[in-house]
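For reference, the structure is listed below as structure tokens.
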Amino acid sequence: AKKAGRNRYAWFDRSMERAIQARNEIETGLRNAIPQGQIVPYFEQQIDLATGALAGFEVLARWEHPLRGLIEPDQFIPIAEETGLIADLSMSVMRQAFIAARDWDPDLVLAVNISPWQLKDAWLAQKIIKLLLETGFPARRLEIEITESALFDNLALAQSIAVSLKNQGIRLALDDFGTGYSSLAHLRALPFDRIKIDKCFVGSIAEKLESAAIVGAIARLGDSLNMPTTAEGVEDADTLERLRVMGCARAQGYHFGRPVSAANVRRLLAERRLI
Ligand code: C2E
Ligand code: CA
Ligand code: CA
Ligand code: CA
């Protein structure tokens, strides 16, 4: 028994070692990947449910790794946050997205994600505004998605950043609504224009009465607060129809299409004469 125990520890050590090695590899890789332009924006369609028209896109980071292929953000965003690389990463993704989207149809909005870590930077609003000026992307076409967990740390700073962004005409969305802690309090903390309903509720409204009740309640809440809702994670027509009936304003998800590269967005827009 003693021997087996020792082997188990040996195995544990080796798997720990591999995990640490993989993490180090991502960290070193990431440092070079950002300046080399390997972290690129992908775009996921957002649809207006009243008209069925394309409203815009959520910008999602992807790592085009020369050896490993396309890497999804869950694998590198947490490491970028721990190492402080997230600021450079997000700014680089935003810059590329603004440049790609500035000559698309002027009604198309870009929704970009801001990490909780970035809300500790007192100059964040100024940096984003500068990026808009440099790239020629209009502020009124930009929406910034903030997760509610981001609001805990330094609420006063988050509020001042939010006011600076709003003064420029940039809109704010409360991301992942309902998944965090005391969401309702956060609705009043910052001047949000929109609520994003997380896919963990949306994905199951066709099967679970509870999910349907929650999404319906959030949609009504958003209506009465004058904060239209965007439902995330729509994977089929049935879910889409239910969301429409519930009064959600916008929807996104694999039902409309997976996130795609800027080149593929151009193709899609050219087909629809939106470019
Ligand atoms: P999020 O903001 O909640 O983004 C939505 C995630 O759900 C995306 O995953 C998207 O690809 C996925 N998704 C969209 N529609 C569907 C669907 O119909 N079904 C399913 N199963 N999934 C769907 P992704 O791209 O892997 O992004 C994961 C998270 O990484 C994002 O969650 C966001 O918090 C973060 N992230 C992505 N890009 C950036 C970035 O540039 N900066 C920062 N700070 N965070 C980012
Ligand atoms: Ca993913
Ligand atoms: Ca988001
Ligand atoms: Ca989400």
**Q.** region 27-60, residues that are of a type in the set (D, E, K, R) and in a strand (DSSP E or B)
**A.** Glu44, Asp48, Glu58
Q) Which number in (1) over 20 Å from Pro228 (Cβ atoms); (2) touching a Pro at 6+ places or on another chain (Cβ under 6 Å); (3) part of a strand (DSSP E or B) marks the one condition that Trp63 misses? A) (2)
Q. Of the residues Arg31, Arg62, which single one is touching a residue at least 40 places away in the same chain (Cβ under 8 Å), within 15 Å of ligand 2 (Cβ to nearest atom) and of a type in the set (Lys, Arg)?
A. Arg62
Q: Give the number of residues within region 162-180 that are more than 15 Å from ligand 3 (Cβ to nearest atom) and within 18 Å of the chain's Cα centre (by Cα).
A: 3
Q.
Quick check on my filter: what residues within region 76-94 are touching a helix residue (DSSP H, G or I) at 6+ places or on another chain (Cβ under 8 Å), assigned to a helix (DSSP H, G or I) and more than 9 Å from ligand 1 (Cβ to nearest atom)?
A. Ile79, Thr83, Ala87, Met91
(Q) Please list, ordered by residue number, the helices (runs of 4 or more DSSP H) wholly in region 151-236 having 1 or more residues that are touching a Leu at 6+ places or on another chain (Cβ under 6 Å). (A) 155-167, 183-189
(Q) Quick check on this structure: which one of Phe43, Phe57 is surrounded by 20 or more Cβ atoms within 10 Å (Cβ to Cβ), within 15 Å of ligand 2 (Cβ to nearest atom) and not small (Gly, Ala, Ser)? (A) Phe43
Q: Being surrounded by fewer than 16 Cβ atoms within 10 Å (Cβ to Cβ) and either hydrophobic (A, V, I, L, M, F, W, C) or under 18 Å from the mean Cα position of the chain (by Cα) (or both) is the filter here, so list the residues in region 222-256 that pass it.
A: Leu225, Glu235, Ala237, Val245, Tyr254, Phe256
Q: Scan region 69-85 and give yes if some residue there is buried (at least 20 other Cβ atoms within 10 Å of the Cβ), touching a residue at least 60 places away in the same chain (Cβ under 8 Å), closer than 22 Å to Glu44 by Cα and out of contact with any Gly (no Cβ under 7 Å at 6 or more places or on another chain), otherwise no.
A: no
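Coordinate-derived values only; no laboratory data. Predicted, not measured: the structure shown is a model, and the values here were computed from it. Glycine gets a Cβ as well: all are built from the backbone with ideal geometry, and neighbour counts include every protein chain shown.
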